[in-house]
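To start, the structure itself, in structure tokens.
The values are calculated or read from the model by the stated rules, or taken from the named source; none is laboratory data. Just so you know, these numbers come straight off a predicted model, no measurement behind them. With ideal geometry, Cβ positions are generated from the backbone for all residues, glycine too; neighbour counts draw on all protein chains shown. Areas reflect the complete protein model, heavy atoms only, side chains present, ligands, DNA and RNA absent. Shrake-Rupley method; radii C 1.70, N 1.55, O 1.52, S 1.80 Å.
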Amino acid sequence: MTAETITREIKVHRPVARDSEPALPAGHWSVAAVQALLDKPLMALLYEAQTVHRQHWPEGDIELATLLSVKTGGCPENCGYCPQSAEFDTGVKAEKIMTVDEVVLAATAARDAGATRFCMGAAWRAPKDRDVEKVAAMVSAVKGLGMQTCATLGMLGPQHAQQLRDAGLDYYNHNLDTAPDYYGEIVDTRTYQDRLDTLQHVRGAGISVCCGGIVGMGEAPVHRAGLLAQLANLSPYPESVPINSLVRVPGTPLADAPPIDPLDFVRVIAVARIIMPRARVRLSAGRQQLGEAVQALCFMAGANSIFYGDKLLVTGNPDVETDTLLLRKLGLNARRTQEQEACA
Ligand code: SF4
């Protein structure tokens, strides 16, 4: 397949441009151009990424986002990396949706520990009307704590997106997971186009987009380039780009996937920074396995957001003290909300 063919195929998956284009511009990245960046000598790539990062993020702060699973397990989808799918025997039990009070308690603790964004995740194919009503109540309550709000609930139609926006939702997370041409290896209960449609509904409601993917799922380097090109060519590209390194959970189809070389993970972060300069690039799942030195390289490469708290939905994450110590060692400051500034 030629680079041109790949570029053409990727373009088929691009969403239709909307009337009012938000602030972040879309790039026109071919898979071949992204691959060329990924293949650069590492030091040259890091230098370029850090240069772009300093130009676009002179304040150099790190955003701390906390993710809470408000409805765990029993999901009818079959995403091959996910321990919450009902198809896989992973020991994760289906639970009922949390109450608003429980969510507020967790969000308050996250805010008091320094988080500025609170993300609520639910293991659904798509929320029903009654689910959206419950999550909207959670969003309003968390917004009332002075935090940015984010939700990840599966596929979302335009009406539900608007309902959540009206409740105060700032961000919606919906990942593209991988390149369009590798996607079928990972999940077959929803299509790539389904994902793009949800992103468009989210944009249409005026909600900012949090969208990234997962590496280390047995993909080839060209698929990493394909994912990054797809993200950068969204119109506009996402405000938040979480980059996950697969956490191999026993019982999932990807439990034995070959781990990604940590330096290749750093490359993915660096290229994300270069081609989406104003996005918050977030170190997400798999950070616990990276160790301090590789995380430091990721920050050098332009990562400026982390998930913060000892759990990421149902998998482990470094604890708050470990992260606080790491940021201090590296001389990095956490982003603060106006309320936190006032109390400092
Ligand atoms: S990633 Fe989300 S949609 Fe896919 S199985 Fe897990 S909870 Fe369900």
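General remarks:
- Residue match in the stretch 233-245 (condition: closer than 17 Å to Gly184 by Cα, open to solvent by less than 10 Å² (accessible area, probe 1.4 Å) and at pLDDT 95 or above): no
- Residues that are charged (D, E, K, R) and open to solvent by 10 Å² or more (accessible area, probe 1.4 Å), drawn from the stretch 272-293: Arg278, Arg280, Glu292
- Tally, over the stretch 164-210, of residues that are of a type in the set (Asp, Glu), closer than 14 Å to Leu227 by Cα and away from the ligand (no atom under 16 Å from the Cβ): 1
- Here Val222 passes the criteria (1) β-branched (Val, Ile, Thr); (2) in contact with a strand residue (DSSP E or B) (Cβ under 7 Å, 6 or more places away or on another chain); (3) modelled with pLDDT of 95 or more except the one numbered (2).
- The residues of the stretch 118-155 that are over 23 Å from Gln84 (Cα atoms) and open to solvent by 10 Å² or more (accessible area, probe 1.4 Å), listed by number, are Ala137, Ser140, Ala141, Lys143, Gly144, Leu145, Gly146, Gln148.
- The set of residues in the stretch 174-192 being within 22 Å of Glu239 (Cβ to Cβ) and in a helix (DSSP H, G or I) consists of Tyr192 alone.
- Residues of the stretch 100-131 that turn out to be more than 16 Å from the ligand (Cβ to nearest atom) and within 23 Å of Gln159 (Cα to Cα), as a count: 4
Residues are listed down the side, and each one gets a yes or a no for (1) of a type in the set (Val, Ile, Thr); (2) open to solvent by 50 Å² or more (accessible area, probe 1.4 Å); (3) out of contact with any Phe, Trp or Tyr (no Cβ under 8 Å at 6 or more places or on another chain); (4) touching a residue at least 40 places away in the same chain (Cβ under 8 Å):
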site: Arg54; (1), (2), (3), (4): no, yes, yes, no
site: Ile62; (1), (2), (3), (4): yes, no, no, yes
site: Ala65; (1), (2), (3), (4): no, no, no, yes
site: Val70; (1), (2), (3), (4): yes, no, yes, yes
site: Cys75; (1), (2), (3), (4): no, no, no, yes
site: Glu87; (1), (2), (3), (4): no, yes, yes, no
site: Val92; (1), (2), (3), (4): yes, no, yes, yes
site: Lys96; (1), (2), (3), (4): no, yes, yes, no
site: Thr99; (1), (2), (3), (4): yes, yes, yes, no
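- Among the residues of this structure, Ile269 counts as one that is assigned to a helix (DSSP H, G or I) and buried (at least 18 other Cβ atoms within 10 Å of the Cβ).
- Filter result (under 21 Å from the mean Cα position of the chain (by Cα) and more than 16 Å from the ligand (Cβ to nearest atom)) within the stretch 69-99: none
- Sole residue being among the polar types (S, T, N, Q), farther than 30 Å from Arg328 by Cα, surrounded by fewer than 17 Cβ atoms within 10 Å (Cβ to Cβ) and free of Cβ contacts under 8 Å to residues at least 40 places away in the same chain, chosen from Gln163, Gln159: Gln159
- All positions within the stretch 176-204 that are among the small types (Gly, Ala, Ser) and open to solvent by 10 Å² or more (accessible area, probe 1.4 Å): Gly184, Gly204
- Residue selection: Ala151 fails the criterion of being small (Gly, Ala, Ser), within 17 Å of Cys210 (Cα to Cα) and within 10 Å of the ligand (Cβ to nearest atom).
- With respect to (1) open to solvent by 30 Å² or more (accessible area, probe 1.4 Å); (2) modelled with pLDDT of 95 or more, the lone exception for Cys210 is condition (1).
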